[in-house]
């Protein structure tokens, strides 16, 4: 008798129970959504999006929070779509699409779209602040790089994608000087490229995903960030428009899952093959695909920290079996040993891998030869 190879599945109930057990009483609050083929198969909401001192608002899948670097998923999708639609290779150099008035430093001529999306531009190499405001990006292009091709995670790589999306799409000409407009050239370039980027994402990504309303400002209903254990009023991370491209979007679990599923399978933003190539290239995600018995998963994590260790944390997982997972938490995570305890991403990963189980073989009918 030939023994068939094992077939694995995800114990969804066990996964959610494990994740809830890890997060409850270790964060101020959270919202979790798990979709399969675009439909909700599990969700959990716990704790306060706004503590009683701030209005007693509980978490729901429709509660928005600043999703920090999960914004890079949107920027990567936008660049994947635009370059694909225009037939521009990701290995094309960016220099001819940068503002013409910027000074280009050493080796900028070698930086490609791929380099920005993969964080291998070498710009601001290993700089700890990871700034992405317009003045910083302009200055780093002038400084140039001697580390082209080496990995260094920098928000400016995706901030530059915001600018390039506007010039590649010809919403803003590279030699634009905006005659007759009040204000400095830098301010006008900043504002016009943010406007172009925002419109493109709204029309080409949110539209097909049936999503509307996300923006870069903190609205009254948005979750506040807290320290943990919670010691006082929450923190409002404010208007993050200046970080457009690398961070800044305020979104809900439902909105993120809708975009992720439409991007991955819908065919109305990019083709499924283009979507898979983007993930395989690590564009908009944090690391190579992680192998499991179900197949690989892809993860993007984000965090934004304010004074007194107030923090917004989030995770987006593209899972096997056509599943997507989003976790939003509005504080840092701590366990019994806060100095060495796991990260939110590690908690999700352990809950996932510990609940991948072998599916029992189908029963053999009586009299069937084996």
> Which ones in region 55-78 are over 14 Å from the mean Cα position of the chain (by Cα) and surrounded by 17 or more Cβ atoms within 10 Å (Cβ to Cβ)?
Replying inline: 57, 59, 61, 63, 64
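Working only within region 210-230, note down all residues that are loosely packed, with under 12 Cβ neighbours inside 10 Å and either more than 17 Å from residue 57 (Cα to Cα) or in contact with a strand residue (DSSP E or B) (Cβ under 8 Å, 6 or more places away or on another chain) (or both). Let's see the steps before the verdict.
Of the residues in region 210-230, the ones loosely packed, with under 12 Cβ neighbours inside 10 Å are 210, 212, 219-220, 229.
Across region 210-230, the qualifying residues are 210, 212, 219, 229.
Residues of region 275-294 being closer than 20 Å to residue 162 by Cα and either surrounded by 18 or more Cβ atoms within 10 Å (Cβ to Cβ) or free of Cβ contacts under 8 Å to residues at least 12 places away in the same chain (or both), which ones? Don't jump to the end; show me each part of the working.
From region 275-294, those closer than 20 Å to residue 162 by Cα are 275, 278-279, 281-286; that's our starting set.
Matches in region 275-294: 275, 278, 279, 282, 283, 284, 285.
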>> Looking only at residues that are in a loop (DSSP other than H, G, I, E, B) and at pLDDT 95 or above in region 312-336, which one is farthest from residue 282 (Cα to Cα)?
In response: 330
> Does residue 35 qualify as being closer than 22 Å to residue 260 by Cβ, assigned to a strand (DSSP E or B), out of contact with any helix residue (DSSP H, G or I) (no Cβ under 8 Å at 6 or more places or on another chain) and modelled with pLDDT of 95 or more?
Replying inline: no
> Restricting the search to region 175-216, which residues are assigned to a loop (DSSP other than H, G, I, E, B), touching a helix residue (DSSP H, G or I) at 6+ places or on another chain (Cβ under 7 Å) and modelled with pLDDT of 95 or more?
Replying inline: 208, 209, 210, 211, 212, 214, 216
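Just need a number here: residues in region 28-39 that are touching a strand residue (DSSP E or B) at 6+ places or on another chain (Cβ under 9 Å) and either under 10 Å from residue 59 (Cβ atoms) or free of Cβ contacts under 8 Å to residues at least 24 places away in the same chain (or both).
Start the filter on region 28-39 by keeping residues that are touching a strand residue (DSSP E or B) at 6+ places or on another chain (Cβ under 9 Å), which leaves 28-38.
Applying the additional criterion that residues be either under 10 Å from residue 59 (Cβ atoms) or free of Cβ contacts under 8 Å to residues at least 24 places away in the same chain (or both) yields 28-32.
Residues flagged as touching a strand residue (DSSP E or B) at 6+ places or on another chain (Cβ under 9 Å) and either under 10 Å from residue 59 (Cβ atoms) or free of Cβ contacts under 8 Å to residues at least 24 places away in the same chain (or both) within region 28-39 amount to 5.
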>> For a quick check of your reading of the model, give me the residue pairs whose first member lies in region 4-26 and is farther than 21 Å from residue 320 by Cβ, whose second is modelled with pLDDT of 95 or more and surrounded by 15 or more Cβ atoms within 10 Å (Cβ to Cβ), with beta-carbon atoms closer than 6 Å and at least 6 apart or on different chains.
In response: 20/44; 23/30; 24/46
>> Can you tell me how many residues within region 89-124 are part of a helix (DSSP H, G or I) and buried (at least 17 other Cβ atoms within 10 Å of the Cβ)?
In response: 8
> Counting only residues that are surrounded by 14 or more Cβ atoms within 10 Å (Cβ to Cβ) and at pLDDT 95 or above, how many does region 12-26 have?
Replying inline: 8
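Tell me yes or no: at least one residue of region 323-343 is touching a strand residue (DSSP E or B) at 6+ places or on another chain (Cβ under 9 Å) and free of Cβ contacts under 8 Å to residues at least 60 places away in the same chain. Talk me through it step by step, then tell me what you get.
Filtering region 323-343 for residues touching a strand residue (DSSP E or B) at 6+ places or on another chain (Cβ under 9 Å) gives 323-333, 343.
Then drop every residue that is not free of Cβ contacts under 8 Å to residues at least 60 places away in the same chain, which leaves 343.
Yes: one or more hits.
Under 24 Å from residue 329 (Cα atoms), more than 12 Å from the chain's Cα centre (by Cα) and part of a helix (DSSP H, G or I), is that true of residue 275?
Numbers: under 24 Å from residue 329 (Cα atoms): no; more than 12 Å from the chain's Cα centre (by Cα): yes; part of a helix (DSSP H, G or I): yes.
Answer is no for this residue.
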> Do you know which residues across region 233-253 are more than 14 Å from the chain's Cα centre (by Cα) and not in a strand (DSSP E or B)?
Replying inline: 233, 234, 236, 237, 238, 239, 240, 241, 242
>> Name the residue that is surrounded by the fewest Cβ atoms within 10 Å (Cβ to Cβ), counting only residues in region 295-311 that are under 15 Å from the mean Cα position of the chain (by Cα) and at pLDDT 95 or above.
In response: 299
> Here are some residues: 230, 270. Which one is modelled with pLDDT of 95 or more and part of a loop (DSSP other than H, G, I, E, B)?
Replying inline: 270
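The values are calculated or read from the model by the stated rules, or taken from the named source; none is laboratory data. Computed from a predicted model, the values in this text were never measured in an experiment. FYI the Cβ positions are ideal-geometry reconstructions off the backbone, even for glycines, and counts take in every protein chain you see.
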